[in-house]
1. Report the calculated FRET efficiency for Lys322 and Asp255 (r = Cβ-Cβ distance, R0 = 45 Å), to the nearest 0.05.
2. Sort Arg215, Arg441 so that the residue with the fewest other Cβ atoms within 10 Å of its own Cβ comes first and the one with the most comes last.
3. Compute the distance in nm between two label points, each set 7 Å from the Cα along the Cα-to-Cβ direction, one at Asp55 and one at Ser605.
4. Give me Rg/Rg_expected for region 178-220, where Rg uses Cα atoms only and Rg_expected = 2.2 N^0.38 Å with N residues.
5. Taking the Cα-to-Cβ direction at Asp437 and at Glu314 and moving 7 Å from each Cα, how far apart do the two end points lie in nm?
6. Starting with the fewest neighbours, write out Trp602, Trp308 ranked by other beta-carbon atoms found within 10 Å of each beta-carbon.
7. Based on the alpha carbon coordinates of region 295-415, what radius of gyration and maximum Cα-Cα distance (Dmax) apply, in Å?
8. As a quick test, which of the pairs Lys230/Lys329; Lys223/Lys289; Lys351/Lys572; Lys475/Lys572; Lys359/Lys632; Lys578/Lys604 have an alpha carbon distance above 29 angstrom in this structure?
Amino acid sequence: RGSSEKFEFQAEVSRLMDIIINSLYSNKDIFLRELISNASDALDKIRFLSLTDKDVLGEGDNTKLEILIKLDKEKKILSIRDRGIGMTKEELIKNLGTIAKSGTSGIINGFLNPISFFGYFLQLFHDDPVEGIPMITDALLVPAFMEKMQSSGDMNLIGQFGVGFYSVYLVADYVEVISKHNDDKQYVWESKADGSFGISEDTWNEPLGRGTEIRLHLRDEAKEYLDETKLKDLVKKYSEFINFPIYLWASKEVDVEVPSDEEEEESSETSTSEEETEEEEGDTKPKKKTIKETTYEWELLNDMKAIWLRSPKEVTDEEYVKFYHSISKDFGDEKPLAWTHFNAEGDVEFKALLFVPPKAPSDLYESYYNTKKSNLKLYVRRVFISDEFDDLLPKYLNFLMGLVDSDTLPLNVSREMLQQHSSLKTIKKKLIRKALDMIRRLADEDPDEYSNRNKTGENEEKKGQYAKFWNEFGKSIKLGIVEDAQNRNRLAKLLRFESSKSEGKLTSLDEYISRMKAEQKDIFYITGTNKEQLEKSPFLERLTKKNYEVIFFTDPVDEYLMQYLMDYEDKKFQNVSKEGLELEKESKHKDLKESFKVLTKWWKSTLASENVDSVKISNRLDNSPCVVITSKYGWSANMEKIMQAQTL
Ligand code: ADP
Ligand code: MG
């Protein structure tokens, strides 16, 4: 065994390993899930390469795309081996020594303090970073993740953040990673989690051919993982949806018949698996006896069921929920809010399964303009192609998780070529339609009586599913209205808000319209920072008195929303703090205008013309003597406030 080259772990990795080693987290099982998930990723990679270059698979056992688990009870070693892509020396150093995130943050839950969403919204109108608005980078994410790990102690986060490998130190004090990549020799990476790791060219282990073997030297407290039954249960539990066969080198008690006239000692010495039955002995000597022997064989642990290929009628809710947990790597006990599973036929054939997660990742909107990626996995005829495919879904639906498996897309072309394929447009269009249908169904089936104001209340249980959805993903729907002109009306149907008549509950545009007064032409709304402030607004005086309903828009993004949402069901939107408000025809108004003409003229000349455009007799006041309104196409006062806050 040659001498090994020493390397220091990146400081963040060392810290992460310390947290893991000292963790009191009781569920140490997760390491197996992480290792199998890595093995499966590595197999996906080599299978993908083999689509365009058959030779990468090699021959013999190398062509078997499988995962093999073995136990050495004596040496207390658990090893997991795959025939995946393997790692070169460089890759071992980089992948198992540093945290190099490349935008996997799309699925991170709650690592960052909320940073003004509005700032990110501004980036919609700028290609470059806007000054003063932090872009989300590793420099921000990694320490935030560490904090979260340390404070919550929740090891489940590790897989979602993309550092799942290090979970091996929950159960092992010494780990060896033996890896062989087609482009390099076989190497061994090893570490006792003492701040450094070693790499050596492997001259002593059996050649792997291709792939990676992880050898865990288990800690004394983790000896339970040498139990076959335990491992079988874990694989079943966590890796049910892995698309490659997982085998365990499992012991088996077999009955072996041996001639009984042989000496006892001798027969018990035959502890090999060779079965020596002597059935042809004849009737004259029926002296045979049966003894128990232990043999080993590869036992298949999973059935590799691709849930999305089955008929939606046959898949149970429980299976969908489990599948969601496995693809989201979020193994909490929350269920997805909704899902849709369908089979698209016609020119472009594909199957798809989309989920609405129970919670929005806290950086969903913060990284909105930094990342193009959706959380959809793309398969072509069951072969995993990519989970970083652009343009399967529009950005505003990036919160959805799931997969698309296409029969129409070609298998033997590069990702870049696929990205250009004409079928993608059709797929995208259908996905949007189905996604919006799913959300609409949620709204219809489980509407809500939930006020935005009380986000964490005892009423959590009573909340309708759509209220939860709105609370988590309402912004996405609004962004959709801004960005997706084609589906604007469909999206507008999904809008929820409070109004002067909603009594703390959420209401919709359809409901608003159903309550409109007979003579009312426009949909009235007002924007501001909160409902309490808006309720007191002088702009509402007359409207309230005359029993008109006014929508309260209190989210900064609403200002932009209303620049794009001009009308709904043939009704125009009117901001009641802007010019253009028309109530029912009032003949009195004309007379008033005339009789106060001198006064309004005097006001106009007294207030310099650069300060006011015009002075008019108001139709919106009741108690207040006067009010300042803004022009139809200018910024509302609320917008001015937002912009000012932004440039501070
Ligand atoms: P993630 O899987 O989210 O990227 P991990 O910490 O689990 O994060 O793994 C880090 C990286 O190490 C992987 O991205 C991959 O490049 C490499 N890796 C880990 N296990 C294997 C394996 N069995 N075969 C090939 N590469 C692996
Ligand atoms: Mg991983």
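1. In this case the efficiency is close to 0.75.
2. The order, fewest Cβ neighbours first, is Arg441, Arg215.
3. The modelled label-to-label distance comes out at 9.3 nm.
4. 1.25
5. 2.2
6. Arranged by neighbour count, lowest to highest, Trp602, Trp308 become Trp602, Trp308.
7. According to the Cα coordinates of region 295-415, Rg and Dmax are 16.0, 58 Å.
8. Distance filter (> 29 Å) returns Lys223/Lys289; Lys351/Lys572; Lys359/Lys632.
Rule-based calculations on the coordinates, nothing more; no lab input. In this text, all values refer to a predicted model and were calculated from it rather than measured experimentally. Please note: Cβ atoms are built from the backbone with ideal geometry, for glycine as well, and neighbour counts cover all protein chains shown.
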